[in-house]
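What follows is one structure encoded as structure tokens, with my remarks underneath.
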Amino acid sequence: MPRDERLEAAAAAIRKARALVITAGAGMGVDSGLPDFRGDRGFWNAYPMYERLGLSFVEAANPEHFERDPAFGWGFYGHRTNLYRETVPHAGFGLLRGWIDRFGLDYFVVTSNVDGQFQKAGFAEERVLEVHGSIHHLQCTRPCCEAIWDNKETIPIDIDTMRARHIPACIHCGGVARPNILMFGDWSWLSGRTRQQERHFDEFLTDNREVPLAVVELGAGTAIPTIRSLSERLGNRYGGAVIRINPREAQVPPPFISLSCGALEGVRGIDGVLAS
């Protein structure tokens, strides 16, 4: 199907829908200037200091650092905290919100990203499911209890060594705190906040089981296919139209719709048809 026809089909699905699920992976943040960690080279392009140390993304994003060398663990996650706080969500976020308002859509966001960009762009906190947690929330590293709290810490970083000059402390026991993010090989992540978000999402699906559903998937890759699998399950189970927007891995089973481009370009293309 030619690109123009795919854009028309995607726009028709949005017009027909009464509920919208936005699913998003790391590619959603690229147009906001956030780094793409695709492969070791992508990670090292964003963090050349880790290439000098010979560490991959998997090795840098390891919860053991918070136990063995918390200044080093917070070097990576403190830098990312600061980066996400400074980042302005790209225009695609606003276009998605515009569809929700224009067509009176009930909606939910499901994302593997931990950056909090959807909330920053004005999506309601109770309408977002962050399947891997959030860098904007903390927990105890041990953990001493089930508490999860807002990350209000200021974390200066020595970029040459990627070590934090301040280590956040647990507000309950005074030990080392860590981000409430599901890391690689992670046995101490507290899932309570995400489980509550999952319950909200389940309620949304129950409430909208009888209405036309559209799924817009943005920048979700195949390396960790959690988001892609969810999009397809929603399309198959609820008879919804799935629109997959991805510059490198846009393949999608029929009858779903594929747009081989970045998130912002794809959303703008659909919006152009909706506005015509």
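Each of the GluC sites (Glu not before Pro) that DSSP puts in a loop and that has at most 16 other Cβ atoms within 10 Å breaks the chain; the longest unbroken stretch is 1-145.
Using the Cβ-Cβ distance between R248 and C173 with R0 set to 51 Å, the FRET efficiency works out to roughly 0.70.
For the chain, modelled as a Gaussian network with Cα springs under 10 Å, which listed residue fluctuates most, V128, V215, V252? Per the Cα network of the chain with a 10 Å cutoff, V252 tops the list.
If the chain between A223 and E5 were fully stretched, how many nm would it gain, using 0.36 nm times the residue separation less the Cα-Cα distance?
75.6 nm
Spacing of the modelled spin labels on R68 and D186, each 7 Å from Cα toward Cβ, amounts to 1.8 nm. Put simply, the amide H of N180, placed in the peptide plane, has neighbours under 5 Å in S134, H137, L138, Q139, leaving out anything fewer than 5 places away on its chain.
Positive contributions from Lys and Arg (+1) and negative ones from Asp and Glu (-1), summed over other residues with Cβ under 14 Å from the Cβ of F201, come out at -1. If you run the Gaussian network model on the chain, springs between alpha carbon atoms under 10 Å, then out of R102, R244, R178 the most flexible one is R102. Result for the chain in a Gaussian network model with C-alpha springs under 10 Å: among C173, C140, C261, the largest mean-square fluctuation is at C173. Remark: spin-label model distance D158-D36 equals 3.4 nm, labels positioned 7 Å along the Cα→Cβ axis.
Within the shell of other residues whose beta carbon sits under 11 angstrom from the beta carbon of E67, the net charge comes to +1, with Lys and Arg scored +1 and Asp and Glu -1. For D106 and N45, a Förster radius of 25 Å and the Cβ-Cβ distance give a FRET efficiency of 0.05, rounded to the nearest 0.05.
Quick check for me: using +1 on Lys/Arg Cβ and -1 on Asp/Glu Cβ, what's the dipole size of the chain about its Cα centre, in debye to the nearest 20? It would help to have the intermediate numbers written out before the result.
On the way: 30 positive and 34 negative charges, 51 e Å.
So the magnitude is around 240 debye.
For the chain, the square roots of the Cα gyration tensor eigenvalues, ordered a ≥ b ≥ c, give a/c of at least 1.5 with a/b greater than b/c, which places it in the prolate category. As a calculated quantity, the FRET efficiency between E203 and R18 at R0 = 22 Å, using C-beta atoms, amounts to about 0.85.
Read-outs throughout are calculated quantities, based only on the coordinates presented, and are distinct from any laboratory measurement. Every value quoted in this text rests on a predicted model; they were computed, and no experiment measured them. When we count neighbours, we look across all protein chains shown, and the Cβ atoms used for this are built from the backbone with ideal geometry, even at glycine.
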